[in-house]
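Scroll down for the structure; my scribbles are underneath it.
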Amino acid sequence: MRVFDRIISDRGSRYAVSGAPAASRAEVAALLAGLKRNKRFAKATHHSWAAVLGGEPVKEDDGESGAGALILQMLERARLADHVVV
């Protein structure tokens, strides 16, 4: 998992971005579990993510309405498949 060190702040919220190659939901789950073991990310309120796996779009808002859809839109625009962005 590649973790970008720069924290993005917007309207009082803070965002950290991570991404990695993933070919299945099981790989996405394993990557998320690893990320959440990191103390820096374990206390995050939400872990929204999206991916295009085998040509199928998948996303999870994790309580942050629309976040997964926005990430998915950016992935599709970039034509980035078989990678997850959290």
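For the reader, a short list of remarks on this structure follows.
- Angle in degrees between helix 25-37 and the longest Cα principal axis of the chain, rounded to the nearest 10: 20 degrees
- Apportionment of accessible area to carbon and sulfur, the chain, percent (1.4 Å): 52 percent
- Sequence-separation-based contact order of the chain, relative, with Cα cut under 8 Å and 6+ spacing, percent: 30 percent
- Over the chain, the Kirkwood radius and the radius of gyration, each from Cα atoms, give a ratio Rg/Rh of 0.94.
- Expected 222 nm ellipticity per residue - DSSP helices of 4 or more, -39500 (n - 2.57), all of the chain, to 500: -10000 deg cm²/dmol
- Projected label distance in nm at Asp82 and Ala42, using a 7 Å step from Cα toward the beta-carbon: 3.3 nm
- Relative to one another, the C-alpha centroids of region 10-61 and region 66-86 are positioned 11 Å apart.
- Proximal charge balance of Gly68 [Cβ under 11 Å; K/R count +1, D/E count -1]: -3
- Scanning the chain for trypsin sites (Lys or Arg not before Pro) lying in DSSP loops with no more than 13 further Cβ atoms inside 10 Å, the longest uninterrupted stretch between such sites is 44-78.
- Positive end of the dipole of the chain (Cβ unit charges, origin at the Cα centre): among Trp49, Val28, Tyr15, the Cα lying farthest that way belongs to Tyr15.
- Axis of helix 67-78 versus longest Cα principal axis of the chain: the two differ by about 50°, to the nearest ten degrees.
The values are calculated or read from the model by the stated rules, or taken from the named source; none is laboratory data. Quantities reported herein were computed from a predicted structural model and do not represent experimental measurements. Here the Cβ is made from the backbone with ideal geometry for all residues, glycine too, and neighbour counts use every protein chain on show. Just so you know, the surface numbers come from the protein's heavy atoms only, side chains and all, with ligands and any DNA or RNA stripped out. Shrake-Rupley method; radii C 1.70, N 1.55, O 1.52, S 1.80 Å.
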